[in-house]
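Only one structure is covered here, and it is reproduced in the block below.
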Amino acid sequence: MTRLKNTLTKKDLLNIYFTAGYPNLNDTSRIIEELQASGADMIEIGIPFSDPLADGPVIQQSSKVALENGMTLNLLFEQLKDIRKHVTIPLVLMGYFNPVLQFGVEKFCAKCKEAGIDGVIIPDLPLDEYLERYQSIFEEYELSNILLVSPGTSAERLKKIDEASNSFLYFVSSNSTTGNKNGMQESKENYFHRIKGLNYPVLIGFGIKDRNTFEEACKYANGAIIGTSFINAISGEGLLKEKVNTFISSIKDQAQLTHNSIL
Amino acid sequence: MKTKRNYYVNEKGYFGNFGGAFVPELLYPNVDELNQNYLKIINEASFQKKFHDLLKDYVGRPSPLYYAKRLSKKYNTNIYLKREDLNHTGAHKINNTIGQILLAQRLGKKRIIAETGAGQHGVATATVCALMGIECVVYMGKVDMQRQLPNVERMRLLGATVVPALSGSQTLKDATNEAIRDWINNIDNTHYIIGSVVGPHPYPDMVMQFQSVISEEMRKQLLEKTGNEEPDYVIACVGGGSNAAGAFYHFLESERTKLVAVEAAGEGIHSGKSAATSVLGKIGVLHACKTLLMQTEDGQITEAHSISAGLDYPGIGPFHAHLHETRRAEFISVTDEEALGAALEVTKLEGIIPALESAHAFAALDKMKFKTTDVVALNLSGRGDKDLETYIKHLNAVKQH
Ligand SMILES: Cc1ncc(COP(=O)(O)O)c(C=O)c1O
């Protein structure tokens, strides 16, 4: 979690999501290493689920292929066993609640700690359930539970979410499943009004797909999360290394030039 | 004395260990809006009046309770059929859609979405949307669209857009995923009319309340016909569990009444092609609800199988999971073959062609022992028009043997 907190002091953070087990079962550590080498600041490793109901067609498809390839949570932890020998950037697991529940929440947290995972994002584990049943377990294993905030989240609820957080808030750019709409739905005024006085920094995700939307998001927040268009980028022909590199440099080089960030 | 149990939903949205609202934050505002308002609205006198007027004049309620003489003779007992098949649109589903469309109107929603398996809930939703002049989009698994084609045509005729769900097994589970995704993308103007006692709280409780009119009427009708409001058995099929929840509701606290939930065993409980969740399921979270689900060890939801599209779901609602855990209801499973056999038999004995879903409830009669004095109330959840093709195929196959 310290790793995560240190990184979050910076701006223009590029956080990349990919689905573990896609395109090939054993690509996980290679993708992570290539992402770090290409300049990604953080990584979200997706745990595939049979019924990813907050995801659009691209991540649905990558999840389906990953499961057909034989991906499981057990195997993922196996693949991540030695990841901290080479990788220093923050790593976060993202997945739906049921596989975690079947694995055992406490065992899951223990395995995350063992592997050097800094946080988790579980979109269908709502705030109240988390606070009532799981917060103490997550904290015991120093695993940050990163909570989502949507354009429809009320001011009062946002405050509660902020209080339950301990690293960053994941703002969803628009009322949308992943990869469906573009850029920010809220006006800047409204958005800045909402985040004023929060304890934790914000990263923006769901509608971010290219240099433009990334730069725009960075004007609002400490950085942004790209998933769908990265999955698309590694789906085509070519060497994984090159595909990762080309994609990251199409976003990050440009972004670093934009230092008109308001933050 | 038995200890009195609580079968109802608690303030956190749970039936015992099951239920809750595992919604992504994107849906929280909508689900919370429903949760804050549903009881208040449902209990308003003006809502109740509109609801009951429509049930009476539009749906044709109360649905009759019919003494099935020849069937009773066969089982040497007293079988009463609750005729939900005689409702407008041919099944119990419309009790819920009438309730939810009135609620959606009160909440100012301009667009309705729904999932459907057999197409009965889709038709019932398209019907109330036509009635109220509201836009309607129905998600239906591609496989189900093929096996329930007449219902697809009916929905289209009623002005609904039917969108095929192409993911997974292309059945009810996948249609539900697509409907939830639609809702996430259209939260401002859309109400999602869920068709069974599944999904996030308050849906299971809300749908059960709308369906509870079934057992409310049954009590009065039984009193009239048997001199006792309470039967010895209430039998109903369970997909998600809405017709069973409605048929059980007003008997939950009865000491006399045994509740029997009938699940689809598909090609056999352990054939790998089954929907017998109470046997094969484990607690988990799907469609924003913690309940019994068929799943792998790794927590991936497995595909259900039943010849009946309406029972082809890898879970049961949290209310039924609770009845199962507390043993308030007995669960029986019935194979495709047994359901087909029962459907053809009821057709011949009583002149009633039941829906394939309801045929499962009839097939359970064969697996039970009754006394001659028993009063057995069976919820005939729907009619079989939509299943004629399947029945004719089966009949021809039987003849060739
Ligand atoms: C006639 C009929 N009965 C039963 C069902 C199963 O649903 P539930 O278990 O919610 O009653 C369906 C679903 O389509 C149906 O059409």
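The values are calculated or read from the model by the stated rules, or taken from the named source; none is laboratory data. Only a predicted model underlies this, so the values are computations on that prediction, with no experimental measurement involved. Neighbour counts are summed over all protein chains in view; Cβ atoms, including those assigned to glycine, are modelled from backbone coordinates with ideal geometry. Keep in mind that these areas ignore ligands, DNA and RNA; they rest on the heavy atoms of the full protein, side chains included. Shrake-Rupley method; radii C 1.70, N 1.55, O 1.52, S 1.80 Å.
For the range B:100-118, what are the residues that are closer than 19 Å to B:GLU135 by Cβ, not in a strand (DSSP E or B) and not polar (S, T, N, Q)? Outline the logic, then answer.
Residues of the range B:100-118 closer than 19 Å to B:GLU135 by Cβ: B:100-116.
Narrowing further to those that are not in a strand (DSSP E or B): B:100-110.
Of everything in the range B:100-118, those that are closer than 19 Å to B:GLU135 by Cβ, not in a strand (DSSP E or B) and not polar (S, T, N, Q) turn out to be B:ILE101, B:LEU102, B:LEU103, B:ALA104, B:ARG106, B:LEU107, B:GLY108, B:LYS109, B:LYS110.
Can you pull out every residue in the range A:122-148 that is more than 9 Å from every other protein chain (Cβ to nearest Cβ), of a type outside the set (Phe, Trp, Tyr) and outside any loop (DSSP other than H, G, I, E, B)? Before the answer, list the steps.
Kept after step one, since they are more than 9 Å from every other protein chain (Cβ to nearest Cβ), are these residues of the range A:122-148: A:122, A:130-131, A:133-146.
Imposing the further condition that a residue be of a type outside the set (Phe, Trp, Tyr) reduces the set to A:122, A:131, A:133, A:135-137, A:139-140, A:142-146.
Listed by number, the residues that qualify are A:LEU131, A:ARG133, A:GLN135, A:SER136, A:ILE137, A:GLU139, A:GLU140, A:SER144, A:ASN145.
Please enumerate the residues belonging to the range B:263-298 that are in contact with a Phe, Trp or Tyr (Cβ under 7 Å, 6 or more places away or on another chain) and over 19 Å from B:ALA343 (Cβ atoms).
Taking the range B:263-298 as the starting set, the residues that turn out to be in contact with a Phe, Trp or Tyr (Cβ under 7 Å, 6 or more places away or on another chain) are B:263, B:275, B:278, B:285, B:288-291.
Residues satisfying the conditions are B:SER278, B:VAL285, B:ALA288, B:CYS289, B:LYS290, B:THR291.
When you scan the range B:112-144, how many residues do you find that are more than 14 Å from chain A (Cβ to nearest Cβ) and more than 16 Å from the ligand (Cβ to nearest atom)?
Just the residues of the range B:112-144 that are more than 14 Å from chain A (Cβ to nearest Cβ), to begin with: B:112, B:114, B:116-138, B:140, B:142-144.
Right, trim to more than 16 Å from the ligand (Cβ to nearest atom) and you get B:112, B:129-137, B:142.
Within the range B:112-144, residues that are more than 14 Å from chain A (Cβ to nearest Cβ) and more than 16 Å from the ligand (Cβ to nearest atom) number 11.
If I filter the range A:206-214 for residues that are assigned to a helix (DSSP H, G or I) and more than 17 Å from the chain's Cα centre (by Cα), do I get at least one hit? Outline the logic, then answer.
Our first condition is that a residue be assigned to a helix (DSSP H, G or I); within the range A:206-214, this holds for A:211-214.
Subset that is more than 17 Å from the chain's Cα centre (by Cα): A:211-212.
Yes: one or more hits.
Residues of the range B:69-85 being part of a helix (DSSP H, G or I) and more than 12 Å from the ligand (Cβ to nearest atom), which ones? Quick ask: steps written out before the conclusion?
Quick first cut of the range B:69-85, residues part of a helix (DSSP H, G or I) only: B:69-75, B:84-85.
Scanning the range B:69-85 gives B:LYS69, B:ARG70, B:LEU71, B:SER72, B:LYS73, B:LYS74, B:TYR75.
Output the number of the condition that B:GLY351 fails; it satisfies all remaining conditions of (1) of a type in the set (Gly, Ala, Ser); (2) buried (at least 23 other Cβ atoms within 10 Å of the Cβ); (3) closer than 24 Å to B:ILE94 by Cα; (4) away from the ligand (no atom under 12 Å from the Cβ).
Evaluating B:GLY351 over (1) of a type in the set (Gly, Ala, Ser); (2) buried (at least 23 other Cβ atoms within 10 Å of the Cβ); (3) closer than 24 Å to B:ILE94 by Cα; (4) away from the ligand (no atom under 12 Å from the Cβ) leaves (2) as the failure.
Out of B:TYR66, B:TYR38, B:TYR7, report the one residue that is among the aromatic types (Phe, Trp, Tyr), outside any loop (DSSP other than H, G, I, E, B), under 21 Å from the mean Cα position of the chain (by Cα) and under 30 Å from B:ALA342 (Cβ atoms). Break it down stepwise before answering.
On the way: B:TYR38 fails: under 30 Å from B:ALA342 (Cβ atoms); B:TYR7 fails: outside any loop (DSSP other than H, G, I, E, B).
On inspection, the qualifying residue turns out to be B:TYR66.
For B:VAL207, state whether it is within 14 Å of chain A (Cβ to nearest Cβ) and surrounded by 24 or more Cβ atoms within 10 Å (Cβ to Cβ). Steps first, answer last, please.
Working: within 14 Å of chain A (Cβ to nearest Cβ): no; surrounded by 24 or more Cβ atoms within 10 Å (Cβ to Cβ): yes.
Taking the combined requirement at face value, the residue does not satisfy it.
What single numbered condition from (1) within 10 Å of chain A (Cβ to nearest Cβ); (2) open to solvent by 30 Å² or more (accessible area, probe 1.4 Å) fails to hold for B:ASN30?
B:ASN30 satisfies all of (1) within 10 Å of chain A (Cβ to nearest Cβ); (2) open to solvent by 30 Å² or more (accessible area, probe 1.4 Å) except (2).
Would the range A:167-177 turn up any residue that is out of contact with any Cys (no Cβ under 9 Å at 6 or more places or on another chain), over 19 Å from B:LEU27 (Cα atoms), at pLDDT 95 or above and in a loop (DSSP other than H, G, I, E, B)? Let's see the steps before the verdict.
Step one: of the range A:167-177, the residues out of contact with any Cys (no Cβ under 9 Å at 6 or more places or on another chain) are A:167-177.
Imposing the further condition that a residue be over 19 Å from B:LEU27 (Cα atoms) reduces the set to A:167-168.
With the extra rule that they be at pLDDT 95 or above, the set shrinks to A:167-168.
Narrowing further to those that are in a loop (DSSP other than H, G, I, E, B): A:167-168.
Checked the range A:167-177: at least one residue is out of contact with any Cys (no Cβ under 9 Å at 6 or more places or on another chain), over 19 Å from B:LEU27 (Cα atoms), at pLDDT 95 or above and in a loop (DSSP other than H, G, I, E, B).
Is it true that some residue in the range B:93-116 is under 30 Å from B:LYS367 (Cα atoms), of a type outside the set (Asp, Glu), open to solvent by 10 Å² or more (accessible area, probe 1.4 Å) and touching a residue at least 12 places away in the same chain (Cβ under 8 Å)?
Within the range B:93-116 (the criterion being under 30 Å from B:LYS367 (Cα atoms), of a type outside the set (Asp, Glu), open to solvent by 10 Å² or more (accessible area, probe 1.4 Å) and touching a residue at least 12 places away in the same chain (Cβ under 8 Å)), the answer is yes, since at least one residue qualifies.
Looking only at the range B:361-389, which residues are open to solvent by less than 80 Å² (accessible area, probe 1.4 Å), more than 16 Å from the ligand (Cβ to nearest atom) and either farther than 23 Å from B:LEU223 by Cα or assigned to a helix (DSSP H, G or I) (or both)?
Answer for the range B:361-389, where residues must be open to solvent by less than 80 Å² (accessible area, probe 1.4 Å), more than 16 Å from the ligand (Cβ to nearest atom) and either farther than 23 Å from B:LEU223 by Cα or assigned to a helix (DSSP H, G or I) (or both): B:LEU365, B:MET368.
So which of B:ASP32, B:ASP53, B:ASP57 is free of Cβ contacts under 8 Å to residues at least 24 places away in the same chain, under 23 Å from B:ARG111 (Cβ atoms) and of a type in the set (Asp, Glu)?
Values: B:ASP53 fails: under 23 Å from B:ARG111 (Cβ atoms); B:ASP57 fails: under 23 Å from B:ARG111 (Cβ atoms).
The match here is B:ASP32.
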